[in-house]
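Notes follow once the structure below has been shown.
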């Protein structure tokens with residue numbers, strides 16, 4: 001929950017977390033209702049198994065004061081929602097549903113079973129509601145990633161070439177081929193595309209990477225010398241972008257050459273004037 | 001097709017390994033019958049705990065992945081031989097018992113198998129773009145590429161001058177790298193197919209054990225319970241829920257944390273409600289808590305909280321303060337790891353990737 005902070009929400013933080021956690025779904029409400037049912041109407045065993053831990057969760061994890069206090073010790077802003085995983089939502093609701101079903105006579109069970117299933121379907125959102133995308137290959141990455149990796153390998157004179165890609169390619173390329181290095185890490189990339197404030201020290205450290213990221217993500221044409229200086233300082237030889245990117249002409253004007261294209265991407269190469277050869281650190285001397 | 005057969009064999013291999021690790025403990029218990037599912041579940045956590053104990057010293061000495069892989073291969077071989085030898089009298093009767101169980105409860109077996117197969121096919125066949133794969137999968141590919149452990153940044157491939165403590169003790173992706181090294185399988189195949197399948201099956205095994213316990217061995221009810229659990233896992237899916245991690249980010253340690261560890265802590269709570277003086281259940285809770293720290297750094301906060309949430313009512317119900325002491329001891333390793341992490345974040349120490 002990147003956008004929620006305890007500092008800004010205060011005691012409302014938990015409620016907002018719950019809203020984010022549930023979305024438009026009702027599973028947490030079903031769990032709460034089941035726990036109340038067991039507390040009031042359940043057998044002693046059911047009360048102990050389901051209701052008492054639910055009460056405990058209510059006074060701890062779901063207590064609005066808790067994140068405010070805990071946040072003084074740990075930064076829990078981004079990951080507080082994971083505490084909600086402790087609530088045995090699925091087990092509790094499924095158990096109640098089964099017990100309810102088996103209280104019916106045999107003839108009524110099939111329609112009740114269908115009814116319960118429909119309630120469960122209606123209480124949430126199907127994980128593939130936006131479309132089921134089958135994997136294109138056994139690696140479960142787009143064929144594009146494999147093709148781009150091949151183009152870079154074919155056009156590189158070094159074992160460890162450095163590249164900078166569009167965001168999706170950047171996130172997947174090294175999962176397939178770790179011999180291709182990337183000029184920017186995930187944090188640097190997200191900071192630029194989300195327009196996050198960086199403190200002065202970080203900004204200073206990332207000055208050249210940020211310059212390149214600004215060009216390829218915001219299509220900002222900066223003075224050629226500044227751009228090429230950033231390519232040199234970051235040792236970046238390859239830039240991979242969508243064929244539709246409006247900055248490609250600018251990149252070609254600065255001296256980058258198109259060395260290949262895949263389905264929807266163009267791979268551009270820059271002949272570094274002073275290439276720093278990337279080599280693995282030699283640890284053998286430390287092993288004795 | 002051959003690829004599919006190899007991956008299936010590797011999934012089975014994982015369960016053989018977990019069963020071997022687990023049976024070395026469960027096979028020695030005199031006071032309870034030998035259980036295949038309990039052996040696999042116990043073995044899963046002992047496996048990762050053992051891996052951690054081997055991996056961390058090697059990482060601290062900047063030794064290569066290949067050395068870790070060789071040592072781990074020897075350990076796996078020894079454990080399998082020891083389990084086969086020590087439990088030779090248990091396995092054959094157990095296999096016969098499983099055969100009898102499947103014959104007697106064939107309806108349940110078919111429903112459970114069909115549900116799990118459906119989950120496996122749907123989830124494994126899907127393409128998911130998730131940002132964290134850039135870390136978890138790339139940690140394995142980077143380790144293989146460089147033959148080093150956590151020395152190079154998985155996001156960029158650049159050398160790091162110190163270990164990132166957030167991930168230092170969560171060595172789950174390094175086990176992926178080791179297994180890739182030993183089997184020759186690409187990390188993408190290992191993480192996004194083999195380990196996805198392992199996580200889904202483990203999660204269903206825990207649901208099965210919970211259902212069996214809740215319904216007191218009524219397999220008709222347990223089958224329906226598994227069906228409802230399966231349905232809900234596909235619909236309780238904002239990006240934050242454990243179910244979403246199970247269906248979309250299955251290869252991450254966090255998915256195991258939410259869908260194997262959390263339900264397992266709940267199952268152990270149910271067992272403790274029956275007998276809170278059973279040392280073996282407490283030992284199991286200790287193994288789960290400590291083993292889960294290997295899966296994800298988040299476990300160090302989540303597991304102690306979960307144990308507290310379940311054992312406080314237990315202490316009240318049983319009117320025994322000793323429950324809380326035992327619970328505290330179970331999560332002590334997690335708490336120590338949290339303190340270490342806080343000390344690191346506050347700049348109190350750094351572990352460098354080179355001698356200074």
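Annotations for the structure displayed:
- One quarter of the convex hull surface built on the alpha carbon atoms of the range A:6-122 amounts to 8.0 nm², the projected area averaged over directions.
- Debye equation applied to the C-alpha atoms of the range B:2-345, log10 I(q)/I(0) at 0.11, 0.13, 0.14 Å⁻¹: -0.74, -1.07, -1.25
- Cα-derived Rg to Rh of the range A:179-225, Kirkwood definition: 0.97
- Between helix B:88-104 and chain B: long-axis angle, C-alpha atoms, 0 to 90°, nearest 10: 60 degrees
- Order by protection proxy (mean Cβ within 10 Å, highest first), peptides B:33-46, A:50-63: B:33-46, A:50-63
- Shielding by partners, peptide A:49-61 (average Cβ within 10 angstrom, other chains): 4
- Gyration tensor (Cα) of the range B:29-168, equivalent ellipsoid semi-axes in angstrom: 37, 24, 11
- Residue ranges B:121-134, B:228-241, B:265-278 sort as B:228-241, B:265-278, B:121-134 when ordered by packing (mean number of other C-beta atoms within 10 Å per residue, highest first).
- Relative to the longest principal axis of the Cα atoms of chain A, helix A:106-122 runs at roughly 40 degrees.
- Seen against the Cα atoms of chain A and their longest principal axis, helix A:27-41 is set at about 20 degrees.
- Dmax and Rg, reported as Rg then Dmax, of the range A:143-269 (C-alpha, Å): 13.7, 40
- From the alpha carbon centroid of the range B:181-201 to that of the range B:68-137 is 13 Å.
- The range B:200-356 - convex hull of the alpha-carbon atoms, volume per residue in Å³: 146 Å³
- Percentage of interatomic Cα-Cα distances in the protein assembly as shown larger than 33 Å: 50 percent
- Between the range A:145-199 and the range B:320-344, the alpha-carbon center distance in angstrom: 40 Å
- Expected-Rg normalisation [2.2 N^0.38 Å, Cα atoms] applied to the range B:87-197: 1.49
- Between the range B:1-62 and the range A:237-287, the Cα center-to-center distance that results, in Å: 43 Å
- Histogram of C-alpha separations across the range B:150-282, 5 Å bin width, %: 2, 9, 14, 16, 17, 14, 11, 8, 4, 2, 1, 0
- Globularity ratio of the range B:146-204, using Cα Rg and 2.2 N^0.38 Å: 1.26
- Value at 222 nm in deg cm²/dmol, rounded to 500, when DSSP H runs of n ≥ 4 in chain A each add -39,500 (n - 2.57): -14000 deg cm²/dmol
- Counting only DSSP H runs of at least 4 residues, each contributing -39500 (n - 2.57), and dividing by the residue count of chain B, the helix-based mean residue ellipticity at 222 nm comes to -24500 deg cm²/dmol.
- Cα gyration tensor, the range A:87-202 - rounded (a/c under 1.5), prolate or oblate: prolate
- Neighbouring partner chain Cβ atoms per residue of B:338-348, average, 10 Å criterion: 1
- Semi-axes of the equivalent ellipsoid for chain A, computed as √(5λ) from the eigenvalues of its C-alpha gyration tensor and ordered from largest down, come to 52, 25, 18 Å.
Since every read-out is calculated from the coordinates, none of them should be taken as a lab result. If you're wondering where the values come from, they're calculated on a predicted model, not measured in any experiment. Every residue, glycine among them, receives a Cβ derived from its backbone with ideal geometry; neighbour counts consider all protein chains shown.
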